[in-house]
Amino acid sequence: MRTSPTGNQTGFTLLEVLMAITVSMIVVTASYTVFHTAMSARRKSLAAIAPLKEARFAFATLARDLRALHPDVKPEDVVCRERLCRFPILDARGERQWIRYRLQKDALLREIFDPQLKSGATSVDPPHIVAADQLEDASFGANQPKTAPGVSALPRSIDLKLVFRGPAAATYNYKVLLETQPESSWQGSFDARPS
């Protein structure tokens, strides 16, 4: 900083102003780079955990529905294969309600439906929620216990495999164990647990 020859005015030289501007620009550029890198990392991590959140919701919904399986369910009522799983549950009012999970386009839908109606018999879509989205594939399986020929039994477990597409493509598997007391009908204790 210089003073004028008269001694009463002070100011910065052009060189000092240019140096201050240069240092300020370096600090601003560094701050922007750090901020941009942090935001980019945040977006990537959110995109990476999005399929996990979707899968957790789908698995929790399926497990909750299987815990509410109707007490009078018959082995032929529980159908879980390929891209479809359907079974009756006992709803909050104590009534039998049919639930169907199915892959439609890129979403796994959970629907309440009437098995008496043929597909396409009504113009109204059944009430549904999207259990998982951005799917490439979803497949169900039912692990049947070994029984005598001609004897049917409820599955030991229901498997669900979700394959997500996109930049954070991932595959998640889930198994819900169905347990009953050995000598009872299906009215015994029931437990749905992830494995």
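Laboratory data are not the source of any read-out in this text; all were calculated from the coordinates shown. Keep in mind it's a predicted model, so treat the numbers as computed, not measured. Reconstructed Cβ throughout: ideal geometry from the backbone, glycine too, with neighbour counts over all protein chains shown.
If you take the beta carbon distance between Val163 and Gln104 as r and set R0 to 22 Å, what does 1/(1 + (r/R0)^6) give as a FRET efficiency, to the nearest 0.05?
Working: r = 15 Å, r/R0 = 0.69.
My answer for the efficiency is 0.90.
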Between Arg156 and residues 5 or more places away or on another chain, the pairs with built amide H atoms under 5 Å apart involve Asn143, Gln144
The answer for trypsin sites (Lys or Arg not before Pro) in segment 10-94 that fall in a DSSP coil and have at most 11 neighbouring Cβ atoms within 10 Å is Arg93
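Using 0.36 nm per residue, how much length does the chain from Glu82 to Val27 gain when fully extended, once their Cα-Cα distance is taken away? Numbers along the way, then the final one.
Numbers: separation 55, 0.36 × 55 = 19.80 nm, distance 5.76 nm.
Roughly 14.0 nm would be gained on extension.
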Pseudo-spin-label distance Val151 to Ser40, built 7 Å along Cα→Cβ, given in nm, is 6.4
Among Lys53/Lys74; Lys53/Lys105; Lys74/Lys105, the pairs whose Cα-Cα distance exceeds 24 Å are Lys53/Lys74; Lys74/Lys105
Once Leu90 and Gln134 are pulled to full extension, the length gained, defined as 0.36 nm per residue separation minus their Cα-Cα distance, is 12.8 nm
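For an R0 of 45 angstrom, estimate the FRET efficiency from the Cβ-Cβ distance between Gln116 and Lys53 and round to the nearest 0.05.
Numbers: r = 36 Å, r/R0 = 0.79.
Efficiency at R0 = 45 Å is approximately 0.80.
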Per the rule of 0.36 nm per residue minus the C-alpha distance, extending Leu15 to Gln144 adds in nm 38.1 nm
